[in-house]
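Chemist: For reference, the structure I am asking about is given below.
Since every read-out is calculated from the coordinates, none of them should be taken as a lab result. Since this is a predicted model, take the numbers as computed values, not measurements. Using ideal geometry, Cβ is built from the backbone for each residue, glycine included, and neighbour counts are taken over all protein chains shown.
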Amino acid sequence: MNKLIITLLMMSIFACSTTNDGIKIPDFSFETLAKQSITQKDLEGDATVLVVWATWCGDCIREIPELNELHEKYKGNKKVNFIALSDEDEETVQKSLKRFPFHFTHIVNAKEYSDQLKTGITKHFPQVLVVNKDLEVVYDVTENKEKIFGVLDAHIQEILK
């Protein structure tokens with residue numbers, strides 16, 4: 001019984017780790033919900049916040065107001081990108097966005113790509129990453145239960161220096 005508890009504890013610790021820090025994000029080519037093409041090359045030289053989320057995830061929905069506030073702060077700054085990846089289809093995401101407006105650039109049907117970004121043994125939602133000008137992950141957190149605006153803002157500010 002103790003081994004099981006220790007194993008579960010270790011899995012939860014690793015699920016929330018930042019082991020991807022300094023690793024470059026994988027190449028990608030997507031079409032956004034706004035029908036615009038986007039690749040990882042479009043993010044080079046900028047600060048980027050990537051969020052892997054799901055419409056059914058309570059913690060994901062809880063983070064949206066803070067993420068929208070951060071987006072609003074940098075709205076006019078062309079050197080900061082905000083991208084949300086969902087494994088779900090366009091119809092499901094669009095329906096959720098009507099109920100919970102989320103002002104990021106949205107990419108749907110992104111399971112294969114978001115699986116490459118996962119932290120730990122299993123995939124957890126939400127996963128929030130900050131990517132620097134060289135497309136390296138400088139911050140990565142999953143299953144966050146704390147306020148996230150200040151942490152993300154500090155990383156963005158550091159990248160923009």
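Chemist: Pull out the extension gain between LYS133 and ARG99, defined as 0.36 nm times the separation in residues minus the alpha carbon to alpha carbon distance; nm, one decimal.
Modeler: Additional length available on full extension: 8.9 nm.
Chemist: Amide H of PHE82 versus every other amide H placed in the peptide plane: which residues, excluding those fewer than 5 positions away on the same chain, fall under 5 Å?
Modeler: The list, which skips near neighbours in sequence, is VAL49, THR105.
Chemist: Give me PHE82, PHE28 sorted ascending by neighbouring Cβ count inside 10 Å, so fewest comes first. Write down the numbers at each step before the final one.
Modeler: Numbers: PHE82 22, PHE28 18.
In order of increasing Cβ crowding within 10 Å: PHE28, PHE82.
Chemist: If you rank ILE38, ILE148 by fewest surrounding Cβ atoms within 10 Å, what's the result? The partial results should precede the final answer.
Modeler: Numbers: ILE38 17, ILE148 20.
Fewest-to-most Cβ neighbours within 10 Å comes out as ILE38, ILE148.
Chemist: Rounded to the nearest 0.05, what FRET efficiency do SER37 and PHE149 have when you use their Cβ-Cβ distance and R0 = 30 Å?
Modeler: 0.50
Chemist: So for the stretch 23-161, what are the equivalent ellipsoid semi-axes in whole Å, largest first, each being the square root of 5 times an eigenvalue of the Cα gyration tensor?
Modeler: 20, 17, 16
Chemist: Amide H to amide H under 5 Å from LYS24: which residues, 5+ apart in sequence or cross-chain, H placed 1.01 Å off N in plane?
Modeler: VAL137
Chemist: While we're looking at this one, here's another question. Under a crude label model (7 Å from the Cα following the beta-carbon direction), how far is TRP56 from GLU44 in nanometres?
Modeler: 3.9
Chemist: Go ahead and run the numbers for FRET between GLU66 and ASP27, Cβ-Cβ distance against an R0 of 41 Å, rounding to 0.05.
Modeler: After rounding, the FRET efficiency stands at 0.90.
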